[in-house]
Amino acid sequence: MNYFNLEEFERKIAYSFSDKSLLMLALTHSSYANEIKKGSHENNERLEFLGDAVLDMVVSEYMYRTFPKMPEGELTKLRAAVVCESSLASLSRKLGLGRCLLLGKGEESTGGRNRDSILADAFEAVIGAVCIDGGIEAASAYVMHFMQEQISQTKTNFRSMDCKTHLQEVIQKTSKIPLHYAIVNEYGPDHNKVFESEVTHDGHVLGRGQGKSKKEAEQNAANDALEKMKK
């Protein structure tokens, strides 16, 4: 990457850094830092940590103020859908962020520039960099510049959101271990049977739910898990 590309990227994100090194750090993947033998802190992981917290706070406050009648549980599910890995990766692709990343040769050769996890992490790292460079108000303005439309579109389809998919996306941010759904109980006559499902992750029960079909019970179990995660 050269200085011209930095300026081009700044134009795309509508933010100009006072400290250009912060933007460079936000775009530096750990594979690149390891390859050129930089220190363990000289990659975008710490900025990603900060950006993740800022993103959650800004989006939560916006939803709280914008949807005053939405209950806590639904706010939690909506936020999870808006800030999930696939959503952030999609925004990164629109910005061409993948082309700007500094990646190690191994990560480059295996398609790292288009990998959802790397793109989502980099998007959060840029948020963290904006926060350090310009303060929380600048970071809030930056986040909402990209997220307001995303929130609106997601809320429009909120009633038909797939809780199982959203739970999987939330879990994938921190773990590669798959979720497991099981029907643990069923009762009632054949024409009016009720199923009870349980969703587990790495041996731990995350949620339970009931439904008139196995599919509905699994969706309700995923919904229960999302509700519990906010606590």
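Annotation note: of 42, 107, the sole residue that is part of a helix (DSSP H, G or I), of a type in the set (D, E, K, R) and in the same structural domain as residue 132 (by TED's automatic domain parsing) is 107.
Between residues in segment 82-103 that are closer than 18 Å to residue 162 by Cβ and in contact (Cβ under 8 Å) with a residue 60 or more places away in the chain and residues that are of a type in the set (Ser, Thr, Tyr) and part of a helix (DSSP H, G or I), which pairs lie under 7 Å by C-beta distance while being six or more apart or on different chains? Partner pairs satisfying both residue conditions: 82/154; 85/117.
Every residue in segment 177-223 that is modelled with pLDDT under 90 and under 21 Å from the mean Cα position of the chain (by Cα), please. If the condition is that a residue be modelled with pLDDT under 90 and under 21 Å from the mean Cα position of the chain (by Cα), then 219, 223 are the ones that fit. So which pairs qualify, if the first residue must be in segment 143-154 and under 18 Å from residue 131 (Cβ atoms), the second must be of a type in the set (D, E, K, R), the Cβ gap must be under 9 Å, and the two must be at least 6 apart or on different chains? Pairs found: 146/94.
Could you pull out the residue among 124, 169, 218, 186 that is out of contact with any His (no Cβ under 9 Å at 6 or more places or on another chain), in contact (Cβ under 8 Å) with a residue 40 or more places away in the chain and over 30 Å from residue 44 (Cα atoms)? On inspection, the qualifying residue turns out to be 218. Within segment 35-80, work out how many residues are touching a strand residue (DSSP E or B) at 6+ places or on another chain (Cβ under 6 Å) and of a type in the set (A, V, I, L, M). The number of residues fulfilling the criteria is 0. For segment 183-201, taking the residues that are under 30 Å from residue 173 (Cα atoms) and in contact with a Phe, Trp or Tyr (Cβ under 7 Å, 6 or more places away or on another chain), the one that is surrounded by the fewest Cβ atoms within 10 Å (Cβ to Cβ) is identified as 183. When each of 149, 227 is tested for being surrounded by fewer than 12 Cβ atoms within 10 Å (Cβ to Cβ), outside any strand (DSSP E or B) and charged (D, E, K, R), the lone residue that passes is 149.
Scanning segment 55-63 for any residue that is among the β-branched types (Val, Ile, Thr), surrounded by 17 or more Cβ atoms within 10 Å (Cβ to Cβ), touching a residue at least 12 places away in the same chain (Cβ under 8 Å) and in a loop (DSSP other than H, G, I, E, B) turns up nothing.
The values are calculated or read from the model by the stated rules, or taken from the named source; none is laboratory data. Predicted model only: the values in this text are computed from it and were never measured. So basically every Cβ, Gly included, is an ideal-geometry build from the backbone, and we count neighbours across all protein chains shown.
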